[in-house]
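One structure below.
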Amino acid sequence: MNGLTITKFSLSDFKQACHVFETVIPHAFEQEGIGHLTDDMREEIEHKINMLRSAREEDEPQTRFWLAKQHGVVVGTISIGPSNQDLNACTDHQLTQVRELGSLYVLPGYQDQGIASALIKEVAVYLHSHGIEEFCLDSGYRRAQEKWKQKFGEPYAAVKDYWGPGTVHMVWFCRVSGFLA
């Protein structure tokens, strides 16, 4: 994509990165048919902003963020950090030592243009350069799950009714080498 750059998160990008969360998370909730869960939506947005705040304030953050910028404007985010509670619960804590790819959000007008793939590749290069050869990720969003099945294959774990009747929470376990090319 012309004009696309992937950069490490910096303090000057904080407001734009927050804007991505504040835009994409409500959009995802609406697409999932759960837009009425405004408290859950706000909690997820605040959680992501707090993660970003921590990454900004720590010298050696547990969770690192990268941003996709289109002509200097932040249009996507991704992070790598410790595996989360839901992921650990869904795998009986089998992946607690595996780094989790998370916070992968791309503004609606920029989706399906390869930006998420570029962000994933950047994280894969980072992990490989640090001798880390695997990562995991999870999703409870049906729309995202379909995309991740195409990208990552069948999930490592799928827990039915995790978020309530008729829901499935999925976890993928991936080799870094598959995303370096």
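In sequence order, what are the phi-derived ³J(HN,Hα) couplings for the stretch 105-117 according to the Karplus relation 6.51 cos²θ - 1.76 cosθ + 1.60 with θ = phi - 60°, rounded to whole Hz, with x for glycine and proline?
Those phi angles translate into 10, 10, 3, x, x, 10, 6, 6, 10, x, 5, 4, 4 Hz.
Does the chain classify as rounded, prolate or oblate by the C-alpha gyration tensor (a ≥ b ≥ c root eigenvalues; a/c under 1.5 gives rounded; else a/b over b/c gives prolate, otherwise oblate)?
Working: a/c = 1.38, a/b = 1.12, b/c = 1.24.
Rounded is the answer for the chain, as its axis ratio a/c remains below 1.5.
Calculate, in nm to one decimal, what residue 31 and residue 175 gain on full extension: separation in residues at 0.36 nm each, minus their alpha carbon distance. Mind dumping the intermediate values first?
Numbers: separation 144, 0.36 × 144 = 51.84 nm, distance 2.98 nm.
Residue separation times 0.36 nm, minus the Cα-Cα distance, leaves 48.9 nm.
Taking 7 Å along the Cα-to-C-beta vector as the label spot, tell me the residue 71-residue 57 distance in nanometres, rounded to one decimal.
3.6
Of 18, 96, 84, which is farthest along the charge dipole of the chain in the positive direction, counting Lys and Arg as +1 and Asp and Glu as -1 at C-beta?
Farthest towards the positive end: 18.
Skipping prolines and chain starts, which residues have an amide H placed within reach, meaning under 5 Å, of the one on residue 141, given they are 5 or more residues away or on another chain?
For residue 141, no residues qualify.
So how much slack lies between residue 134 and residue 2, counting 0.36 nm per residue of separation and subtracting their Cα-Cα distance, in nm? Mind dumping the intermediate values first?
On the way: separation 132, 0.36 × 132 = 47.52 nm, distance 2.97 nm.
That pair, residue 134 and residue 2, stretches by 44.6 nm at full extension.
Have a look at 137, 31, 148 and report the one farthest towards the positive end of the charge dipole of the stretch 4-179, computed about the Cα centre with Cβ charges (Lys/Arg +1, Asp/Glu -1).
Comparing the listed Cα positions along the dipole, 148 ranks first.
Between residue 92 and residue 150, what is the label-point separation in nm under the 7 Å Cα-to-beta-carbon projection?
3.3
Grab the Cα-Cα distance for residue 85 and residue 16, subtract it from 0.36 nm times how many residues apart they are, and report the gain in nm with one decimal. Intermediate results must be reported in sequence, preceding the final value.
Details: separation 69, 0.36 × 69 = 24.84 nm, distance 2.71 nm.
Result: 22.1 nm gained on full extension.
Count the lysine pairs in the chain whose Cα atoms lie under 19 Å apart, taking only pairs 8 or more positions apart in sequence or on different chains.
12
Read phi for every residue in the stretch 38-45 and hand back ³J(HN,Hα) as whole Hz from Karplus 6.51 cos²θ - 1.76 cosθ + 1.60, θ = phi - 60°, with x for Gly and Pro.
5, 5, 5, 4, 4, 4, 5, 4
Give the order of 11, 137 when sorted by the count of other beta carbons within 10 angstrom, beginning with the fewest. Walk me through the intermediate numbers first.
Numbers: 11 8, 137 26.
Final ranking by Cβ density, sparse to dense: 11, 137.
Tell me, what HN-Hα J-couplings in whole Hz come from the Karplus equation 6.51 cos²θ - 1.76 cosθ + 1.60 at θ = phi - 60° for each residue of the stretch 157-164, using x for Gly and Pro?
Values per residue, Gly and Pro as x: 8, 9, 10, 6, 6, 5, 9, x Hz.
Every read-out reported here was derived from the displayed coordinates using simple, explicitly stated rules and does not represent laboratory data. Note that the structure is a prediction, hence the values are computed from the model and not measured. All Cβ positions, glycine included, derive from the backbone under ideal geometry; neighbour counts span all protein chains shown.
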